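Enquirer: Have a look at this one before I ask anything.
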Amino acid sequence: MKHPYDARAIETKWQRHWKDSNAFRAPNPGEPGFDPNAPKFYVLDMFPYPSGSGLHVGHALGYVGTDVIARRKRMNGFNVLHPMGWDAFGLPAEQYALQTGKHPRETTAENTANFKRQLELIGLSYDWSREVDTSDPTYYRWTQWLFLKLHERGLAYQAEVPVWWCEELKTVLANEEVINGRSERGNFPCVRRPLKQWMLKITAYAERLIVDLDLIDWPESIKIQQREWIGRSEGAEIRFAIEGASKAESTVFTTRPDTLWGATFLVLAPEHALVQAITTPAQRAAVDAYKAAAAAKSELERGDASKTKTGVFTGAYAHNPAFEAGDPKGRVPVWIADYVLAGYGTGAIMCVPGHDERDHEFAKTFGLEIREVVKPPKGAKGLADGVCFTEHGTAVNSGPIDGLATPEAKAKAIEWLVARGLGKARVTYKLRDWLFSRQRYWGEPFPLLHVEGGAIVPVPEDALPVLLPEMRDFKPSPDGSAPLARAKEWVTTIDPRTGKPARRDTDTMPGWAGSCWYWLRFMDTRNDRAPFSKEAERYWGPVDLYVGGAAHAVMHLLYARFWHKVFFDAGLVSTPEPFQKLFNQGMVEAFAYEDATGRLVASDEVEARGASYVQRTSGAELKQIVTKMAKSLKNVVNPDDMIEEHGADTFRLYEMFMGPLADSKPWNTRDIPGCRRFVERVWRLFVDADADAPIRPQFARGAKEPALEGATLALERGVHRLVARADDSFTHFNLNTAIAAMMTFLNDATKTPEALTRSQALRFVQVLAPFAPHMAEELWQRMGAPGEVAKSAWPRPDPAYLVDDEIEIPVQVNGKHRATVKVPKDAEGPAIEAAARAGAAVHLEGKEVVKVVVVPKRLVNFVVR
RNA sequence: GGGGAGAUGGCGAAACCGGCAGCCGCAUCGGACUUAAAAUCCGAAGGCCUUCGGGCCGUGCGGGUUCGAAUCCCGCUCUCCCCA
């Protein structure tokens, strides 16, 4: 064989060609090769954290998807920006380092090299000249610079915030390292303890983060999740004076100011600043004990409404401002309870046990007064029936607002409070300010100096980056201070502005920091005077299509939007939103096997016996289930192995052929040969492996084009249908249907290979090109077509070829399919009906036709009696 | 606990605006080629029944709307994902 299909040879050849010719470099405006007339398209993957285990086939799904889209967009004439980089700072590298003693810088370099090798093996058309690494000083220099922009605008501040502390490990732990109040490592008890931390004031943007969701083309489900997360609620702040000598006052937030007249007690968060001051000596011991217990709980446990309510009386009383001074109904006890969170609203609530579930439970548990102030509408159950009524109704026992429906009662109550100076309307959000400090080593140092007198000043721009000091031992210190605090020479510095001694800030930024602006750096990666130039941003921004897992629905996508909006306000970017369209690819799952007891059996111990599966050692019958890929299940599939065995083109095709990009679906290595066969059949259609010629003569340059008739005409229709179906697949991201269309065309062409023309073959290869780019390029070259298929113009389907002259129309009787008739494609209603009557005559005989539904080009339905 | 997505043959799936359910593959079975096997090519195939004409059932379950529902509405079950 002189021209066998040799995936490895073809793929190596073209990957080298793309690299050597910078085929996918996207020049910026003003650079050589930039085409100002072409529209731009910025398609971005969520960049990966380069873990030690490398890419698996699930990561590859999104990357292959965006690559197919990017390649087709180039063929559609767009300037395509399609970059890739590494979200390289973060906890896992540091934990790995603590275990192995290998510096995170080394492991990160190895891991990114491995990731890049894997991505290149897949034949992805990234512009590698724009590669970024968030842990590289040339990158984090600008992360620090942008942080200072936030700092300048008053959006970064320090606060005492509770963090997880593990006494046993003598360290601060991140949220994700604490599970049910115990350390993930070692399972030791943890407590929340206050520590001074950097916070970012994302709450200042809460409203805009909600409102601007209307500007972007994102899945509604993600928008809903973000709105939920931000959790806007309207209500009022009301001031309750505390009884006694102190002039203390407690401000509560409520969404139901109309129920003020039913507030019979207050509950403060255990951490509330007032607690200390108002607790009576008799209650002090109980209060202190309760506070200590609350500190050990996570917010989840505390907020869990199903749990029995706990709380402690402070001994103090407050005055409900709805009532006259001295009115005993206005004298309400003040409790503390852990279901009230310090960070939400004002950290204090007024309790209306008649109309709030949790307050109701609490009052019943502790024997507090329950008063009805909202009468349920007719038919609904209320306090009279022993039920806590929380919906809208009519105000009763509520003085000035009696008789009003809940919405009006709310408004009137606020008016009444404002008039008396007792409260005001307020909107509050569940969203909390963002804890931005970590007491960790492997992250961006804060570019801040603590100078004499306690002030904190930014490091001047020209002194950036503040380099992460070289340290060998970066375990957290036993006193809870950050590892950087031990880099003594690094910490001790001078303030370049005054020449006076200063101390560096020793916290580092969280793993999210680098991903808060990377899409901007990609626009102008090598800029060393600014994070990115205005010209580049104005041309490339915003990202047209952002693809990643739905896992990042809130955290990353909210943080990224927040930073982008700050940049927008600072005049650094020209759009209020960073990502115009968002698309979530599905999870790639894998089969796993469980035995009769439900125990999981590793995939490599499983053998297929026809349609069933058995355990190789025991012969026990197993059930196939679908679950995520995990090392522990031994069902992780590595793309390297797949490519080694079948080639990158087959691998890419299978990734896309599995199903719609958005769906979760199981990887099934057994299915790959189908795609492999497709690739080989394409090759054989074009190349006679035993001949001398690199391509069958009928497809070579200068080959005679047969007339458009008979089988050739049928194939011509097929090509147009193929392109139309492929185009359609790109609007819905169900690229599997484009591949199905190619297979259909191939099946047809294989039946009458001599009828296939060079022009049809070229167009087929063009459609193939985004999916199987190496083979497409090879065939394109062998056909002697000009340039590269990657840069050729995507074919357009001609509607005239999309429909046959005669079409088949189903005929139904009473909605049941009874016959199929052939009619000319433009046949009108009466003609179709006549044909249908004839076609379904047997089924109409002796029946009375009551109604006929004729949908031209679609169907006919006879309704008979 | 809250939020999101989903359920179609043995398996992955297709089906545009409500109009022939199951395109295209996998696995399976039959045939051709071969000394043989692999590869390749051709063909069958949702289930049940059949007098071989065809008939009945069928898109997680139960209702509804409609000439007509995988698709729309109401109620339920189950699965997956995310957050803390």
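Enquirer: Given the criterion assigned by TED's automatic domain parsing to the domain that holds A:Glu249 and at pLDDT below 80, identify the matching residue among A:Thr346, A:Thr308, A:Thr365.
Expert: A:Thr308
Enquirer: Residues to consider are A:Arg153, A:Arg141, A:Arg130; find the one that is buried (at least 16 other Cβ atoms within 10 Å of the Cβ) and farther than 23 Å from A:Glu94 by Cα.
Expert: Result of the check over A:Arg153, A:Arg141, A:Arg130: A:Arg130.
Enquirer: Say whether the condition of being buried (at least 21 other Cβ atoms within 10 Å of the Cβ) and in a loop (DSSP other than H, G, I, E, B) is met by at least one residue in the range A:402-422.
Expert: Scanning the range A:402-422, I find no residue that is buried (at least 21 other Cβ atoms within 10 Å of the Cβ) and in a loop (DSSP other than H, G, I, E, B), so the answer is no.
Enquirer: Taking A:Thr752 as the residue in question, decide whether it is under 29 Å from A:Gly710 (Cβ atoms), assigned by TED's automatic domain parsing to the domain that holds A:Val687 and within 13 Å of RNA strand B (Cβ to nearest atom).
Expert: Considered against the rule, which asks whether it is under 29 Å from A:Gly710 (Cβ atoms), assigned by TED's automatic domain parsing to the domain that holds A:Val687 and within 13 Å of RNA strand B (Cβ to nearest atom), A:Thr752 comes out as yes.
Enquirer: For the structure I just gave you, tell me whether A:Thr390 is in a loop (DSSP other than H, G, I, E, B), among the polar types (S, T, N, Q), over 30 Å from A:Val161 (Cβ atoms) and under 39 Å from the mean Cα position of the chain (by Cα). Full working, then the answer.
Expert: Values: in a loop (DSSP other than H, G, I, E, B): yes; among the polar types (S, T, N, Q): yes; over 30 Å from A:Val161 (Cβ atoms): yes; under 39 Å from the mean Cα position of the chain (by Cα): yes.
Against the criterion (in a loop (DSSP other than H, G, I, E, B), among the polar types (S, T, N, Q), over 30 Å from A:Val161 (Cβ atoms) and under 39 Å from the mean Cα position of the chain (by Cα)), A:Thr390 qualifies.
Enquirer: With the structure loaded, tell me whether A:Leu383 is within 34 Å of the chain's Cα centre (by Cα) and crowded, with 16+ Cβ neighbours inside 10 Å or whether it fails that test.
Expert: no
Enquirer: Ok, one more. Take A:Ala620 and tell me if it is over 25 Å from the mean Cα position of the chain (by Cα) and within 16 Å of A:His774 (Cβ to Cβ).
Expert: no
Enquirer: With the range A:517-597 as the region, which helices (runs of 4 or more DSSP H) entirely inside it contain at least 1 residues that are within 13 Å of RNA strand B (Cβ to nearest atom) and in contact (Cβ under 8 Å) with a residue 12 or more places away in the chain? Write out each step before concluding.
Expert: Values: elements: A:518-521, A:534-540, A:555-569.
Qualifying helices (runs of 4 or more DSSP H): A:555-569.
Enquirer: Considering A:Pro83, A:Pro50, which residue is closer than 15 Å to A:Leu119 by Cα and at pLDDT 95 or above?
Expert: Among A:Pro83, A:Pro50, only A:Pro83 is closer than 15 Å to A:Leu119 by Cα and at pLDDT 95 or above.
Enquirer: Only one of these conditions is not met by A:Ala295: (1) within 16 Å of RNA strand B (Cβ to nearest atom); (2) modelled with pLDDT of 90 or more. Which number is it?
Expert: Answer for A:Ala295: the failing condition is (2).
Enquirer: Can you name every residue in the range A:423-435 that is crowded, with 19+ Cβ neighbours inside 10 Å and under 17 Å from A:Phe253 (Cα atoms)?
Expert: Selection gives A:Gly423, A:Arg426, A:Thr428, A:Leu431.
Enquirer: Let me ask something else about it. On the given criteria, is A:Ile832 of a type in the set (A, V, I, L, M, F, W, C), within 13 Å of RNA strand B (Cβ to nearest atom) and in contact with a Ser or Thr (Cβ under 8 Å, 6 or more places away or on another chain)? Step through it out loud before you land on a result.
Expert: On the way: of a type in the set (A, V, I, L, M, F, W, C): yes; within 13 Å of RNA strand B (Cβ to nearest atom): yes; in contact with a Ser or Thr (Cβ under 8 Å, 6 or more places away or on another chain): no.
No; evaluated as a whole, the condition is false for this residue.
Enquirer: Restricting the search to the range A:10-34, which residues are exposed (fewer than 12 other Cβ atoms within 10 Å of the Cβ) and either out of contact with any Asp or Glu (no Cβ under 8 Å at 6 or more places or on another chain) or not in a loop (DSSP other than H, G, I, E, B) (or both)?
Expert: A:Arg16, A:Asp20, A:Ser21, A:Glu31, A:Pro32, A:Gly33, listed by residue number.
Enquirer: Across the range A:177-204, what is the number of residues that are under 30 Å from A:His450 (Cα atoms), among the charged types (D, E, K, R) and out of contact with any Ser or Thr (no Cβ under 9 Å at 6 or more places or on another chain)?
Expert: Count: 2.
Enquirer: If a residue must be within 23 Å of A:Glu716 (Cβ to Cβ), away from RNA strand B (no atom under 14 Å from the Cβ) and over 42 Å from the mean Cα position of the chain (by Cα), how many such residues does the range A:801-829 contain?
Expert: The total comes to 3.
Enquirer: What are the residues in the range A:470-515 that are surrounded by fewer than 18 Cβ atoms within 10 Å (Cβ to Cβ), among the β-branched types (Val, Ile, Thr) and not in a loop (DSSP other than H, G, I, E, B), if any?
Expert: Of everything in the range A:470-515, those that are surrounded by fewer than 18 Cβ atoms within 10 Å (Cβ to Cβ), among the β-branched types (Val, Ile, Thr) and not in a loop (DSSP other than H, G, I, E, B) turn out to be A:Val491, A:Thr492, A:Thr493, A:Ile494.
Enquirer: Right, here's the next one. Can you work out which of the residues in the range A:232-251 that are part of a strand (DSSP E or B) and charged (D, E, K, R) is surrounded by the most Cβ atoms within 10 Å (Cβ to Cβ)?
Expert: Applying the filter and picking the extreme gives A:Glu237.
Enquirer: Going through the range A:252-287 one residue at a time, which ones are more than 16 Å from A:Ala316 (Cα to Cα), outside any strand (DSSP E or B) and hydroxyl-bearing (Ser, Thr, Tyr)?
Expert: A:Thr255, A:Thr259
Enquirer: Let me ask something else about it. Having 2 or more residues that are touching a residue at least 60 places away in the same chain (Cβ under 8 Å) is the bar; report the helices (runs of 4 or more DSSP H) wholly within the range A:754-865 that clear it. Give the steps one after another, and end with the answer.
Expert: Details: elements: A:758-768, A:773-782, A:829-839, A:841-844.
Here the list reads A:758-768, A:773-782.
Enquirer: Related question: If you check every pair at least six apart or on different chains, which have Cβ atoms under 6 Å apart with a residue in the range A:614-625 that is within 10 Å of A:Val601 (Cα to Cα) first and a residue that is among the polar types (S, T, N, Q) and away from RNA strand B (no atom under 13 Å from the Cβ) second?
Expert: Partner pairs satisfying both residue conditions: A:Leu622/A:Gln615.
The values are calculated or read from the model by the stated rules, or taken from the named source; none is laboratory data. Here the structure is a predicted model, which means the values were calculated and not measured. Note that we place each Cβ from the backbone using ideal geometry, even for glycine, and neighbour counts take in every protein chain shown.
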